[in-house]
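To start, the structure under review is shown below, and the notes come after it.
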Amino acid sequence: MQVLLEKEKEDFKQKVQTFADNKLSKTTKFNLKLLWQELYKEGLVNKENNFFQNILLTEVLCKFKSGLGLFLLTQFTCIEIIKNFASDSLKEKYLNKLISGECISCFSITEPNAGSDVSMIETRAQKKGNTWILNGHKIWASNGSISDIITVFVQTNPVKAIHELPQHKKSGITCFVIPSKCKEVEILKDTPKLGVEITPSNEVFIKDLSVSEDSQIGNIGDGIKIALSTITSGRMFCAAQAVGLLSGILEESVKYSTKRNQFGKSISDYQAIKWYIADMTKDLDSARLLLYKAVWAKENSPEELNKLSSMAKYFCTSAAQKHSSNAVQIFGGAGLVKDSYVACAYRDSKVLEIYEGTNEIQKLVLAKELL
Ligand SMILES: Cc1cc2nc3c(=O)[nH]c(=O)nc-3n(C[C@H](O)[C@H](O)[C@H](O)COP(=O)(O)OP(=O)(O)OC[C@H]3O[C@@H](n4cnc5c(N)ncnc54)[C@H](O)[C@@H]3O)c2cc1C
């Protein structure tokens with residue numbers, strides 16, 4: 001494995017950095033759909049991009065604004081689902097539109113009674129002739145309010161009470177693609193949240209939505225397999241979001257601490273501050289290397305991917321949480337100003353420890369690989 005990035009990958013990162021400097025640095029209100037379309041126009045997302053490039057794009061844009069990572073992760077994940085599991089007609093219908101940003105997607109599995117344990121979902125699809133009738137209630141659907149389509153996971157087992165079934169019988173889950181903008185799908189207003197506010201999160205109610213068999217992705221009962229196959233990618237996107245955030249807080253902390261004077265000298269002259277900065281740079285490099293190793297494994301060592309993607313998600317997001325808290329400490333009162341860079345990073349990093357599988361779940365995955 002090559003440890004450092006090849007020149008073409010470094011050049012790609014530089015191109016994304018230039019895009020961020022030119023197009024995003026003065027933006028305060030983001031239109032995420034337009035942002036994706038701009039990325040497409042500039043050739044930064046396209047059909048030919050490999051996974052590594054999508055990760056590098058996420059890292060660079062998240063240094064600029066870490067909350068963008070959830071939007072990117074969701075769109076990339078849905079593209080992966082359609083590409084790898086959908087029928088030719090669904091690919092024809094959606095793939096180009098998703099890549100160009102004409103169509104924005106959301107991924108919806110979580111429900112009020114099904115978080116870490118997704119097998120508990122209660123949203124149902126019932127077969128009537130050649131159509132499926134969907135009913136249910138989803139929460140935390142990222143991109144919900146800006147989406148055109150939803151990749152939704154539902155129970156297709158004809159059972160009444162999922163919670164009464166033994167664990168091994170709960171996995172009759174199937175994936176469908178459904179429209180977001182129709183009267184049978186109600187997307188509630190954005191859920192106010194601690195961080196990552198830039199990407200909307202929504203509750204979704206589905207009431208008697210009738211879809212044809214063609215809307216089914218994969219086979220009946222393949223839902224968990226599809227969700228799990230994209231979760232390794234999701235974890236790496238989440239880790240990339242954390243690495244971007246870490247590089248941003250390191251830069252801001254160095255800048256601030258060297259210009260802020262107290263007791264007649266720069267606060268960066270005090271050992272307490274030096275140690276924060278030293279630890280930050282050590283963990284940033286470790287986080288980035290672990291992330292790149294996991295991304296490398298996707299193509300070169302798939303048998304290690306589950307472990308490495310989990311480790312990267314866990315390590316990078318915990319490091320982001322710890323060091324963004326230290327960054328606020330370095331800034332003192334200035335770090336508490338609500339919309340300051342480090343205050344946003346502090347809130348965003350907490351959220352990163354929870355989605356794409358909480359860090360406790362990542363530890364379970366890691367232990368299972370070894371024991
Ligand atoms: C900002 C944000 C965006 C999200 N986006 C999406 C999305 O786009 N689509 C989607 O479908 N979902 C999404 N989610 C949902 C997310 O995947 C879940 O929140 C997450 O999986 C945790 O589920 P939960 O919140 O119900 O917590 P719970 O599963 O209720 O967990 C609560 C606590 O118990 C711990 N815990 C649970 N089980 C175990 C165990 N077996 N061992 C040890 N500890 C355990 C957890 O680690 C956690 O600390 C999003 C969530 C957030 C916050």
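The values are calculated or read from the model by the stated rules, or taken from the named source; none is laboratory data. Keep in mind that what you see is a predicted model, and the values were worked out from it rather than measured. So basically every Cβ, Gly included, is an ideal-geometry build from the backbone, and we count neighbours across all protein chains shown.
Within the stretch 268-285, the presence of at least one residue that is surrounded by 20 or more Cβ atoms within 10 Å (Cβ to Cβ) and under 24 Å from F76 (Cβ atoms) is confirmed.
On inspection, Q75 passes the criterion of being polar (S, T, N, Q), in contact with a Ser or Thr (Cβ under 8 Å, 6 or more places away or on another chain) and within 30 Å of G223 (Cβ to Cβ). When the stretch 185-203 is limited to residues that are more than 10 Å from the ligand (Cβ to nearest atom) and surrounded by 15 or more Cβ atoms within 10 Å (Cβ to Cβ), the one that is farthest from T110 (Cα to Cα) turns out to be I198.
Checked against (1) more than 30 Å from A278 (Cα to Cα); (2) of a type in the set (S, T, N, Q); (3) touching a helix residue (DSSP H, G or I) at 6+ places or on another chain (Cβ under 9 Å); (4) modelled with pLDDT of 95 or more, S210 passes all but a single condition, namely (3).
Condition (residue is more than 16 Å from the ligand (Cβ to nearest atom), touching a strand residue (DSSP E or B) at 6+ places or on another chain (Cβ under 8 Å) and not small (G, A, S)) applied to the stretch 321-344: is it met by at least one residue? Checked against the condition, which is being more than 16 Å from the ligand (Cβ to nearest atom), touching a strand residue (DSSP E or B) at 6+ places or on another chain (Cβ under 8 Å) and not small (G, A, S), the stretch 321-344 yields no hits at all.
Would you call L34 away from the ligand (no atom under 16 Å from the Cβ) and either in the same structural domain as G218 (by TED's automatic domain parsing) or under 17 Å from the mean Cα position of the chain (by Cα) (or both)?
On the way: away from the ligand (no atom under 16 Å from the Cβ): yes; either in the same structural domain as G218 (by TED's automatic domain parsing) or under 17 Å from the mean Cα position of the chain (by Cα) (or both): no.
Considered against the rule, which asks whether it is away from the ligand (no atom under 16 Å from the Cβ) and either in the same structural domain as G218 (by TED's automatic domain parsing) or under 17 Å from the mean Cα position of the chain (by Cα) (or both), L34 comes out as no.
For the stretch 54-104, a residue qualifies if it is of a type in the set (D, E) and free of Cβ contacts under 8 Å to residues at least 12 places away in the same chain, and the qualifying residues are D88, E92. Condition (residue is farther than 15 Å from L209 by Cα, out of contact with any Cys (no Cβ under 6 Å at 6 or more places or on another chain) and more than 12 Å from the ligand (Cβ to nearest atom)) applied to the stretch 131-138: is it met by at least one residue? No: the stretch 131-138 contains no residue that is farther than 15 Å from L209 by Cα, out of contact with any Cys (no Cβ under 6 Å at 6 or more places or on another chain) and more than 12 Å from the ligand (Cβ to nearest atom). Tally time: how many residues in the stretch 212-250 are without any contact (Cβ under 8 Å) to a residue 60 or more places away in the chain and part of a helix (DSSP H, G or I)? Number of matching residues: 2.
Taking residues in the stretch 107-121 that are farther than 16 Å from G144 by Cα, and partners anywhere that are in a loop (DSSP other than H, G, I, E, B), the pairs with Cβ atoms closer than 6 Å and at least 6 places apart or on different chains are A114/I121; V118/I109; S119/K170; S119/S171; M120/N113. In the stretch 129-139, the qualifying residues are those that are surrounded by fewer than 21 Cβ atoms within 10 Å (Cβ to Cβ) and touching a residue at least 40 places away in the same chain (Cβ under 8 Å), and the one that is farthest from E356 (Cα to Cα) is N130. The criterion of being more than 24 Å from E10 (Cα to Cα), within 16 Å of the ligand (Cβ to nearest atom) and hydrophobic (A, V, I, L, M, F, W, C) holds for L98.
Residues are listed down the side, and each one gets a yes or a no for (1) under 14 Å from the mean Cα position of the chain (by Cα); (2) aromatic (F, W, Y); (3) surrounded by 22 or more Cβ atoms within 10 Å (Cβ to Cβ):
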position: E42; (1), (2), (3): no, no, no
position: F52; (1), (2), (3): no, yes, no
position: F64; (1), (2), (3): no, yes, no
position: F76; (1), (2), (3): yes, yes, yes
position: E80; (1), (2), (3): yes, no, no
position: K83; (1), (2), (3): no, no, no
position: L90; (1), (2), (3): no, no, no
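Among the residues making up the stretch 139-151, a single one is within 16 Å of the chain's Cα centre (by Cα), more than 8 Å from the ligand (Cβ to nearest atom) and in a loop (DSSP other than H, G, I, E, B): S147. Within the stretch 219-277, being of a type outside the set (S, T, Y) and modelled with pLDDT under 95 holds for N219, I220, G221, D222, G223, I224, K225, I226, A227, L228, I231. State all residues of the stretch 101-124 that are near the ligand (Cβ under 9 Å from one of its atoms), under 16 Å from the mean Cα position of the chain (by Cα) and assigned to a loop (DSSP other than H, G, I, E, B); if no residue qualifies, say none. I109, T110, G115, S116, listed by residue number.
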